[in-house]
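Student: Below are the structure tokens for one structure; questions will follow.
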4 protein chains.
Amino acid sequence: MANPEVLARLRTTEGHLRGIRRMVEEDAYCIDVIRQIRAVQAALDKISAMILDDHLHSCVITALRGEDPQERERVLKEIVEVFNATNFSQRR
Amino acid sequence: MANPEVLARLRTTEGHLRGIRRMVEEDAYCIDVIRQIRAVQAALDKISAMILDDHLHSCVITALRGEDPQERERVLKEIVEVFNATNFSQRR
Amino acid sequence: MANPEVLARLRTTEGHLRGIRRMVEEDAYCIDVIRQIRAVQAALDKISAMILDDHLHSCVITALRGEDPQERERVLKEIVEVFNATNFSQRR
Amino acid sequence: MANPEVLARLRTTEGHLRGIRRMVEEDAYCIDVIRQIRAVQAALDKISAMILDDHLHSCVITALRGEDPQERERVLKEIVEVFNATNFSQRR
């Protein structure tokens, strides 16, 4: 079932992003807009971490305690993948 | 005046984010949601870079070519600040 | 046992960093130095990902398949922590 | 002339990195190694920011106050480039 805190935070972030669009429409100072975009990205990171936490405590535990070695490998690979995607090395 | 491409991209990103909320409501696979959140963050980065580019070509050029050393210092400081905010060192 | 590829890559990265110091000593162009620093950071990310991969396939599998719920919780918490530390939200 | 603080920090970071290699050789706990690698990456970010600051106060001021529009464009482009390279969008 969908985590209600994740949903609430996603809704708040949508509102924040609409606010940023209005700032741009009203010609706000560039650096202030960039700062607000960073705040949205930070909020999204927090949401990602919450989702990963849920995932580890459900699918990953089930897979690793299960007896299917391919499924185990699959979930571990995905964790390395999301770790990599946040990683610096992916920036180039 | 507001950069129309920045506005268009912000609008697209809002739609993307609403789509992610629906994915969560419909219990999509966690890792897929995390991947989509990354895509939104990447889109926001592209938007930030476009805004910085506009800023460098307007306020920063004006300030650096102007004769007010305090104003020059202020705009340079802000650039280091936004560079830092994207930086790894700020992650801890 | 220490992963030999991790050790080899760490050694290479040390050499790269010494090279960057020499660039600075010889007054290389700032932007070129920043680019080389990024390359080192990317190499370190790759090393981190390799270490995480080893960790998931050893300690994490053992803990999650084991019968100690506190130990399970501990290893999962650490994964969220390293994920967070690479995350944007930690940058502010 | 080479900024002596940048050089001192680079030397410290080399020592830190050698220490991490020894940790790996002595089979330290994976997560502790990852945390130390992050610390090195953060130190490198601080060094990059110091170098960028020097660059803005020398080459960039000179170029933007100068009368060569191509040179001006070149230095601004490089700033957007290093900003982008730290950015999330480059992670994919």
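Student: Identify, from the list B:Glu81, B:Glu25, the residue that is modelled with pLDDT of 95 or more and open to solvent by 50 Å² or more (accessible area, probe 1.4 Å). I'd like the intermediate steps shown before the answer.
Tutor: On the way: B:Glu81 fails: modelled with pLDDT of 95 or more.
Unique residue meeting the criteria: B:Glu25.
Student: Something else: In the stretch A:16-23, is there at least one residue being among the small types (Gly, Ala, Ser), farther than 30 Å from C:Ile37 by Cβ and in contact (Cβ under 8 Å) with a residue 12 or more places away in the chain?
Tutor: Within the stretch A:16-23, one or more residues are among the small types (Gly, Ala, Ser), farther than 30 Å from C:Ile37 by Cβ and in contact (Cβ under 8 Å) with a residue 12 or more places away in the chain.
Student: Suppose we keep only residues that are in a helix (DSSP H, G or I) and open to solvent by 60 Å² or more (accessible area, probe 1.4 Å) within the stretch A:1-11. Which one would you say is farthest from B:Asn84 (Cα to Cα)?
Tutor: First, pick out the residues of the stretch A:1-11 that are in a helix (DSSP H, G or I): A:4-11.
Among the residues that remain, those that are also open to solvent by 60 Å² or more (accessible area, probe 1.4 Å) are: A:4-5, A:9, A:11.
Details: A:Pro4: 33, A:Glu5: 30, A:Arg9: 26, A:Arg11: 28 Å.
If we take residues in the stretch A:1-11 being in a helix (DSSP H, G or I) and open to solvent by 60 Å² or more (accessible area, probe 1.4 Å), then A:Pro4 is farthest from B:Asn84 (Cα to Cα).
Student: Let me ask you something else. Got a sec? Which of C:Glu73, C:Glu67, C:Glu14 is out of contact with any Gly (no Cβ under 6 Å at 6 or more places or on another chain), in a loop (DSSP other than H, G, I, E, B) and over 21 Å from A:Lys77 (Cβ atoms)?
Tutor: Working: C:Glu73 fails: in a loop (DSSP other than H, G, I, E, B); C:Glu14 fails: in a loop (DSSP other than H, G, I, E, B).
Among C:Glu73, C:Glu67, C:Glu14, only C:Glu67 is out of contact with any Gly (no Cβ under 6 Å at 6 or more places or on another chain), in a loop (DSSP other than H, G, I, E, B) and over 21 Å from A:Lys77 (Cβ atoms).
Student: Being touching an Asp or Glu at 6+ places or on another chain (Cβ under 8 Å) and facing chain D (nearest Cβ under 10 Å) is the filter here; which residues of the stretch B:20-55 pass it?
Tutor: B:Gln41, B:Met50
Student: Residues of the stretch C:12-22 being open to solvent by less than 30 Å² (accessible area, probe 1.4 Å) and either under 21 Å from D:Asp54 (Cα atoms) or of a type in the set (S, T, N, Q) (or both), which ones?
Tutor: Step one: of the stretch C:12-22, the residues open to solvent by less than 30 Å² (accessible area, probe 1.4 Å) are C:13-15, C:17, C:19-20.
Residues satisfying the conditions are C:Thr13, C:Leu17, C:Gly19, C:Ile20.
Student: Same structure again: Hey, does the stretch D:49-59 have a residue that's open to solvent by less than 10 Å² (accessible area, probe 1.4 Å) and over 30 Å from B:Gly66 (Cβ atoms)?
Tutor: For the stretch D:49-59, residues open to solvent by less than 10 Å² (accessible area, probe 1.4 Å) and over 30 Å from B:Gly66 (Cβ atoms): absent.
Student: Looking at the stretch C:30-42, can you tell me whether even one residue there is open to solvent by 50 Å² or more (accessible area, probe 1.4 Å), at pLDDT 95 or above and of a type outside the set (D, E, K, R)?
Tutor: Our first condition is that a residue be open to solvent by 50 Å² or more (accessible area, probe 1.4 Å); within the stretch C:30-42, this holds for C:32, C:35-36.
Subsequent filtering for residues that are at pLDDT 95 or above retains C:32, C:35-36.
Cutting the leftovers down to of a type outside the set (D, E, K, R) gives us C:36.
Yes, some residue in the stretch C:30-42 is open to solvent by 50 Å² or more (accessible area, probe 1.4 Å), at pLDDT 95 or above and of a type outside the set (D, E, K, R).
The values are calculated or read from the model by the stated rules, or taken from the named source; none is laboratory data. Please read all numbers here as calculations on a predicted model, not as lab measurements. Here the Cβ is made from the backbone with ideal geometry for all residues, glycine too, and neighbour counts use every protein chain on show. When the accessible area is computed, the model is the full protein with side chains, heavy atoms only, and any ligands, DNA or RNA have been set aside. Shrake-Rupley method; radii C 1.70, N 1.55, O 1.52, S 1.80 Å.
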